[in-house]
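The values are calculated or read from the model by the stated rules, or taken from the named source; none is laboratory data. As the structure is a computational prediction, the values presented were derived from the model and not from experiment. Here the Cβ positions follow ideal geometry from the backbone for every residue, glycine too, while neighbour counts run over all protein chains shown. Protein only, heavy atoms only, side chains kept; ligands, DNA and RNA dropped before computing areas. Shrake-Rupley method; radii C 1.70, N 1.55, O 1.52, S 1.80 Å.
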Amino acid sequence: MKINLTHKIRNILFLLLCGSLFFSCHFNWESEENENRPDIDNTSTASIKVTLQKLSSDTKYINIYRKDSAEDTYYAIGIVYPAGFDSNNTSYLFEDFYVLKDHKYSYMARYTNEDGSVYTTNWTDSYTYSASSGADSYSVYKYSISDTKITFDDTDNSLKFQAISGSISVTAPSGISDFSTNFVPALVIATSSKAQTFELTNTIITTSEKINLRGLLPEGFYDEDLSIVGLLGQRTEKNSDDEVMRVYWTLPTSVPVYKGSSTIETFSVSSEIGDGGLDYSNPE
């Protein structure tokens with residue numbers, strides 16, 4: 001059954017500019033680094049606490065990135081929205097729950113202002129997470145996916161999850177106790193320079209409902225080579241006024257993409273722009 005994504009899938013439009021773990025290359029952020037690095041508290045038994053400084057009242061959102069020194073890669077792990085906090089706050093707290101014990105981590109933040117300008121901090125020093133309750137493997141913090149593919153149909157510019165041979169198998173992360181109640185699946189779609197998460201529903205995945213890309217993709221994603229970064233869990237935290245404060249992401253799990261019977265690395269959706277007619281404009 002074909003569905004209208006405008007109504008059944010909320011286009012989150014969260015900018016996800018991220019590193020080599022999500023992509024085979026790094027993005028050029030075209031902004032000067034600054035010294036306002038996050039403050040890190042690694043003494044908690046439940047998380048690493050990342051405190052972001054308030055740099056401007058014009059900040060629209062702040063992306064947070066984590067680097068594991070053992071892997072030489074980094075993840076986008078979430079977003080903070082200053083508008084969801086008290087305007088008198090001089091800082092914003094973000095907790096990184098999905099870390100491994102005895103691993104060393106550093107953090108970086110990327111501030112995006114209302115006018116679109118970007119301000120990127122330097123990486124923090126490395127901090128070891130020593131809590132005995134920490135997990136031993138990242139696999140418990142991400143979807144487990146097997147015998148499952150995403151099929152792109154260029155006749156109607158749609159995607160859908162399908163079984164490769166048996167049945168679709170998408171299992172929630174075993175290490176996140178509140179996953180079923182607080183998280184939703186989100187598909188990460190990327191161009192060569194940016195990526196966004198798009199909320200789905202479990203039903204769309206398990207029943208192979210079509211995802212209409214024309215009702216989903218924002219400006220800047222048409223007539224571009226697109227790739228599927230993967231499927232991740234997304235949790236949105238709001239204040240008492242129903243304003244978004246924080247968004248948390250699990251690690252992404254890759255899903256093979258097919259067109260017909262062949263795997264593909266990229267696909268594209270053309271913009272619906274006509275060839276134009278004859279000029280009938282009034283003189284200036």
Query raised in the report: Karplus couplings for the stretch 152-159 from phi (6.51 cos²θ - 1.76 cosθ + 1.60, θ = phi - 60°), rounded to Hz, Gly and Pro as x?
Result: 9, 10, 7, 6, 10, 6, 10, 10
**Report entry** Trp123/Asn88 FRET efficiency (R0 30 Å; Cβ-Cβ; nearest 0.05)
**Finding:** 0.55
Query raised in the report: How many nm is it between the label spots at Thr201 and Asp58, if each spot is 7 Å from the Cα in line with the beta carbon?
Result: 4.1
Query raised in the report: Given Tyr111, Asn88, Ala70, which one lies farthest toward the positive end of the charge dipole of the stretch 58-208, if we put +1 on the Cβ of every Lys and Arg and -1 on the Cβ of every Asp and Glu?
Result: Ala70
Query raised in the report: For the stretch 177-278, what % of the accessible area comes from carbon and sulfur atoms, probe 1.4 Å?
Result: 42
Query raised in the report: Accessible surface of Asp136 in the full protein assembly, 1.4 angstrom probe, to the nearest 10 Å²?
Result: 120
Query - Stretchable slack from Lys49 to Ser139, in nm (0.36 nm times residue separation minus alpha-carbon distance) - result: 30.2 nm
Query - Of Lys160/Lys238; Lys104/Lys149; Lys49/Lys101, pairs whose Cα-Cα distance is over 23 Å - result: Lys160/Lys238; Lys104/Lys149
Query raised in the report: Asn182 versus Ser271, label points 7 Å from Cα toward the beta carbon: distance in nm?
Result: 4.1
Query raised in the report: Leaving out same-chain residues fewer than 8 places away, which aspartates and glutamates sit with a Cα under 17 Å from that of Lys194?
Result: Glu30, Glu219, Asp223, Glu224, Asp225, Glu265
Requested in this report: Quote to one decimal, in nm, the extra length available between Glu35 and Asn113 on full extension: 0.36 nm per residue of separation minus the C-alpha distance between them.
Outcome: 26.3 nm
Report summary line: Computed over the stretch 102-237, protein heavy atoms only, probe 1.4 angstrom, the accessible area per residue in square angstrom equals 41
Requested in this report: Could you please state how large a percent of the accessible area of the stretch 36-158 is carbon and sulfur, counting protein chains only and using a 1.4 Å probe?
Outcome: 40
Query - Rounded Å value of the spacing that divides the Cα centres of the stretch 128-174 and the stretch 62-119 - result: 24
Requested in this report: Provide the net charge surrounding Leu93, with neighbours chosen by a C-beta distance below 14 Å and charges set as Lys +1, Arg +1, Asp -1, Glu -1.
Outcome: -3
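For Glu243, Glu199, what's the largest-to-smallest order of accessible area, 1.4 Å probe?
Values: Glu243 80, Glu199 20 Å².
Final ranking, largest accessible area leading: Glu243, Glu199.
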